[in-house]
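The values are calculated or read from the model by the stated rules, or taken from the named source; none is laboratory data. Just so you know, these numbers come straight off a predicted model, no measurement behind them. Heads up, the Cβs are rebuilt from the backbone with ideal geometry, glycines too, and the neighbour counts pull from every protein chain shown. The protein model used for the area step is the full one, side chains on, heavy atoms only, and it has no ligands, DNA or RNA in it. Shrake-Rupley method; radii C 1.70, N 1.55, O 1.52, S 1.80 Å.
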Amino acid sequence: MPTLAVVNFNIVCATLGGFITIFGLVSYLFKEKFYLSEALISLVAGLIFSPHATNLLRPMQYALGNEETLDTITLYFTRLVLGVQLVLAGVQLPSKYLKKEWKSLALLLGPGMVVMWLVTSLLVFAFVPHLPFLHALAVGACVTPTDPVLSNSIVKGKFADKNIPKELQKIIVAESGANDGLGYPFLFLPLYLIQHVGYGGLGSDNSAAKAMGDFFGETIGYTIILSVVYGWTVGWIAKELLHWAEERKYVDRESFLVFAITLALFIVGTVGMIGSDDVLACFIAGNSFTWDDWFRLETMDDSFQPTIDMLLNVSVFIWFGAVCPWYDFVHSEVIPIYRLIFLGILVLLLRRPPIIFAMHQKIHQIEEKRQAIYVGFFGPIGVSAVFYLYVTLDFLRKIQVDGEIRPDAQHLMEVTNVVVWFLCICSIVIHGLSIPLGKLGVYLPRTISNALSHSSEDPDSPAPFHISENAAEAESEIEGVLRRRPGTNNNSNRRVFRIGHPVIRPSESSASQGPKTPAPFALSNAPTAAPTSAGTSRRPSVSGERREPESHEMTSSEERGGQGKVAVSKAT
């Protein structure tokens, strides 16, 4: 007997598949006509499907009611998305790009990231009550890297192709890919200090030297340097193996196209097992994999990788809309909502634009001041911020005293969870609406002005003359004439279309012999038809060439031997 199986798996499949299917029907309209990012649309859909609305997606049930398990699921999901995105980001850069553009990247990843980190930390310190500056440094580090997932929506599509130079697109992709993995030093410097010397060193050794040793040994050495070496080695070996297999025709087209994505999965898994920086390793591997530009050129016109990219983007932002702590934004005890709003606005305005504008003359890809403003403003906070948020929460849970999380670590967890999520939502919404609102601000006054100018015109003024209307009418009649059987005289039903005055005027000798009908002058592709002698059936001539005034030509059509032939004679 059939029974309903309304279980979570079926609901998730139906909800996710149904949304992506419906969104796919209008995706071009939303993304290329309205310039709305798929991240914003998916986030709103996730909120609608979440327990805060329709309750179709129930993240806490998937985690069996355990909040720590839910955080782990979100952390692994962001790792997967970032790993695939960063390998694809590295692959789409030109040959030896990191080597050629190291000066511009050094400015963006050095002074740029340091200033972004300090400015955000100062704003968090100013707006969050009772928060030590060391704790604010940890919160600011989470949102320092720009997001490669949201950056893709800015540097791809019709708007980017029309308004953003290619070199500027490449430097944005390279920066957003590299600074994701380089966020670890900015995050773990304050975290190690909090662990070892924070709260009087309770539960630890109260040693700043130990904290700095962990920072340089584990973070700089084991996490950053090891991930760079590992990612470069794996990417280069993968490139050589694929070359070898392709030369011998061992690999089919499907496996060739999916190679970069499977490489990302391999690096995420192996680097995750050794506890190093899998995000940075994926980006470096993508660069070394296409160091000779071979794979990028081979897959330039392929749509498989962008398809996987789109599916991951939509899925992760739907998940964000479902797991985001929307309730805590309004009812949080660590920071009131009005402070959160001002913090979000100031972070977007001061975190990145000032330093990019100050350095833009030394970055040759940024040629104009308005480009500097654009690059400075569009430094989105997204998947990478959520990734570092849950890395922070996982680290702080290990700072315990007598089996309980230390009070200062517990307070920092609450602050980080609310502030980072709110800044992430602000960035998705503001950056997702900036381009359509900017377009509306340009076109709306122009449209209103045109409407007012048309309404003020004199209603008695003659309507404009359109040649295309008569041309279309003549063309339809000509087609009807051509379809008739040969030998039928239909001259009586034909119409002559004359546009303007005749250009070729009759000579005096011809005028003395009697009036003649001048041949009409053909404009552009407008067809002309003129009868010849009585009883002679002729085909109309369609001409798109201007006749010279000196040449007097007449075109006639005669039927000979049952077949229509066209003879051209000069009138003298």
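General remarks:
- For Leu187, neighbours were defined as the other residues whose beta-carbon sits under 12 Å from its Cβ, and their charges (Lys and Arg +1, Asp and Glu -1) total -3.
- Fully extended contour minus Cα-Cα distance, from Glu414 to His130, at 0.36 nm per residue: 101.0 nm
- Annotation: lysines with alpha-carbon distance below 30 angstrom to Lys156 (same-chain offsets under eight excluded): Lys31, Lys33, Lys96, Lys99, Lys100, Lys103, Lys166, Lys170, Lys239, Lys362, Lys369, Lys439.
- Cut-off under 5 Å, modelled amide H: who pairs with Val401 long-range: Arg406
- Each label was represented as a point 7 Å from its Cα along the Cα-to-Cβ direction; for Arg58 and Leu346 these points are 4.2 nm apart.
- Residue ranges 378-386, 231-239 sort as 378-386, 231-239 when ordered by packing (mean number of other C-beta atoms within 10 Å per residue, highest first).
- Ordering 54-63, 424-433 by mean Cβ neighbour count within 10 Å, with the highest value first, yields 424-433, 54-63.
- Contact order for segment 71-447, expressed relative to its length and based on alpha carbon pairs under 8 Å spaced 6+ residues apart, stands at 29 percent.
- When a 1.4 Å probe is rolled over the protein heavy atoms, the share of accessible surface on segment 71-447 that falls to carbon and sulfur comes to 66 percent.
- FRET efficiency estimate (nearest 0.05) - Cβ-Cβ, Val401 to Lys369, R0 56 angstrom: 0.60
- Neighbour net charge for Gln361 - beta-carbon separation under 15 angstrom, K R +1, D E -1: +2
- Length-normalised contact order for segment 74-180 - Cα pairs under 8 Å, 6+ apart - percent: 34 percent
- Accessible surface, per residue, of segment 1-97 when the full set of protein chains is kept, probe 1.4 Å, Å²: 53 Å²
- Prolate/oblate/rounded label for segment 195-258 (Cα gyration tensor, a/c 1.5): prolate
- Segment 71-447 shape via C-alpha gyration tensor axes, a/c threshold 1.5: oblate
- Spin-label pair Glu240/Leu29, simplified geometry with 7 Å Cα→Cβ offset, distance in nm: 5.3 nm
- Under the criterion of Cα pairs below 8 Å and six or more residues apart, the relative contact order for segment 195-273 equals 17 percent.
- Label zone (Asn10, point 7 Å along Cα-to-C-beta; backbone nitrogen cut-off 18 Å) within segment 36-79: 55-58, 62.
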